1. Tell me which of these S348 doesn't satisfy, since it passes every other one: (1) in contact (Cβ under 8 Å) with a residue 40 or more places away in the chain; (2) open to solvent by 10 Å² or more (accessible area, probe 1.4 Å); (3) touching a Leu at 6+ places or on another chain (Cβ under 8 Å).
2. Whether any residue in region 310-325 is buried (at least 18 other Cβ atoms within 10 Å of the Cβ), in contact with a His (Cβ under 8 Å, 6 or more places away or on another chain), under 26 Å from K354 (Cα atoms) and modelled with pLDDT of 95 or more is what I want to check.
3. Please specify each residue of region 189-216 satisfying the condition of being in a loop (DSSP other than H, G, I, E, B) and hydroxyl-bearing (S, T, Y).
4. What are the pairs, 6+ residues apart or on separate chains, where a residue within region 311-332 that is of a type in the set (K, R) has its Cβ under 6 Å from a residue that is at pLDDT 95 or above?
5. When you scan region 326-337, do you find a residue that is surrounded by 15 or more Cβ atoms within 10 Å (Cβ to Cβ) and over 30 Å from C359 (Cβ atoms), even just one?
6. Within region 162-185, is even one residue touching a Pro at 6+ places or on another chain (Cβ under 8 Å), among the acidic types (D, E) and either farther than 29 Å from G105 by Cα or crowded, with 16+ Cβ neighbours inside 10 Å (or both)?
7. Select the strands (runs of 3 or more DSSP E) contained entirely in region 95-188, then report the ones holding at least 3 residues which are under 22 Å from H286 (Cβ atoms) and among the hydroxyl-bearing types (S, T, Y).
8. Based on this model, can you work out whether R258 counts as touching a strand residue (DSSP E or B) at 6+ places or on another chain (Cβ under 6 Å) and surrounded by fewer than 18 Cβ atoms within 10 Å (Cβ to Cβ)?
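The values are calculated or read from the model by the stated rules, or taken from the named source; none is laboratory data. Just so it is clear, the structure is predicted and the values come from calculations on it, not from any experiment. Here the Cβ positions follow ideal geometry from the backbone for every residue, glycine too, while neighbour counts run over all protein chains shown. Quick note on the areas: whole protein, heavy atoms, side chains included, nothing else; ligands and nucleic acids left out. Shrake-Rupley method; radii C 1.70, N 1.55, O 1.52, S 1.80 Å.
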Amino acid sequence: MRNKKSVINILSIVIVASIMLAANFSSPIFAQNKASNDDESSSDGGSSDGGSSDGSSTDGNDVGNFKYVKKFDSEGKYIAGWGSKGTGDGQFLHAHGIGIDRSSGDVYVSDAENYNIQKFDSNGKFITKWGSEGTGEGQFSVPESIAVDSSGNVYVADQGNSNIQKFDSNGNFITRWGSKGTGEGQFRLLWGVGVDSSGNVYATAQNVFAVQKFDSNGNFITSWGSEGTGEGQFVHLHDVTTDSHDNVYVTDGRENSRVSKFDPDGNFITSWGSEGSGKGQFIEDHGIAVGSSGNVYVVDTRNNRIQEFSSDGTFIRQWGSDGCGPDQFLIPHDIAVDSSNNVYVTDSGNVHFKADVTCS
């Protein structure tokens with residue numbers, strides 16, 4: 001009898017554990033983690049709101065007056081913000097990448113959970129959007145970083161599909177390249193994309209430990225880097241950008257917590273940063289952009305701030321803090337700079353490790 005009761009108790013535990021496991025596998029957080037596989041800090045997590053018949057969110061007021069896109073002048077003074085929580089035009093569930101056409105001033109923003117790209121003018125007026133969830137042309141799994149070339153073409157790094165997609169300024173699909181892996185033209189946890197003055201495209205993936213360079217049609221040119229903490233080595237690559245001289249800057253988070261600078265061929269120039277909260281230090285440095293002045297702007301995500309440096313890494317200024325205010329951030333992710341050196345920042349809001357945050 002005692003053995004029979006023991007068997008019944010064991011079966012009960014197994015049944016309960018199975019129910020809990022099934023619940024976790026059906027959760028939105030697990031669904032995002034499945035797309036990102038073994039990543040801990042990119043685009044996993046978050047929750048989706050219910051939608052109304054017009055496609056907009058009906059219960060996104062947990063972030064109140066919080067804005068997902070914020071615009072500052074070159075010294076960090078708040079100018080404007082836009083984007084509420086939802087699925088309609090100009091709304092976001094997980095604003096992530098941002099890119100700017102410096103000729104027109106138009107702003108492009110990726111949404112990792114609405115699976116689309118939205119286009120706005122420089123004041124935040126909605127223009128158009130494209131994309132849906134999937135693996136086809138013009139579809140996305142986890143769209144991350146965005147870059148815009150001098151012809152107005154838009155490049156999107158899609159982490160979930162392990163590819164880069166190229167569109168014209170109206171969202172018409174042009175081409176795509178990439179697959180999951182660690183070889184030439186392959187990506188594992190693709191995050192960053194940047195473009196230089198000649199239209200060459202640079203990509204960074206967290207689990208490849210290298211910067212890859214392509215022509216504008218996706219043909220592989222070269223790559224550089226390896227795993228480690230030395231010069232030209234990486235631990236947790238995030239974003240990539242270029243300056244007017246086509247020098248390449250990348251953010252490398254976690255153990256390295258630094259910015260590294262290379263020439264267009266991948267020759268190491270300099271690096272700066274360490275882990276911490278002081279000036280010139282980072283805790284998860286993510287987005288990076290270079291203004292027309294040559295100054296470098298870095299999103300210091302877990303310190304909830306933007307830091308500005310000269311092109312050689314000399315600290316200039318910082319702004320931002322933790323909160324829901326106009327000049328505060330919850331989870332700042334990406335950054336872009338327009339021709340007037342105005343700075344645009346995407347904030348993912350109450351996802352990831354701040355899923356329970358409420359803004360009034």
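1. Looking at each condition in turn, S348 falls short on (2).
2. Taking every residue of region 310-325 in turn, none turns out to be buried (at least 18 other Cβ atoms within 10 Å of the Cβ), in contact with a His (Cβ under 8 Å, 6 or more places away or on another chain), under 26 Å from K354 (Cα atoms) and modelled with pLDDT of 95 or more.
3. Within region 189-216, S197, S198, S216 qualify.
4. Once the first residue is of a type in the set (K, R) and sits in region 311-332, its partners that are at pLDDT 95 or above give R317/E308.
5. Looking through region 326-337, none of the residues is surrounded by 15 or more Cβ atoms within 10 Å (Cβ to Cβ) and over 30 Å from C359 (Cβ atoms).
6. So far as region 162-185 goes, no, none of its residues is touching a Pro at 6+ places or on another chain (Cβ under 8 Å), among the acidic types (D, E) and either farther than 29 Å from G105 by Cα or crowded, with 16+ Cβ neighbours inside 10 Å (or both).
7. Of the strands (runs of 3 or more DSSP E) lying wholly inside region 95-188, none has at least 3 residues that are under 22 Å from H286 (Cβ atoms) and among the hydroxyl-bearing types (S, T, Y).
8. Against the criterion (touching a strand residue (DSSP E or B) at 6+ places or on another chain (Cβ under 6 Å) and surrounded by fewer than 18 Cβ atoms within 10 Å (Cβ to Cβ)), R258 does not qualify.
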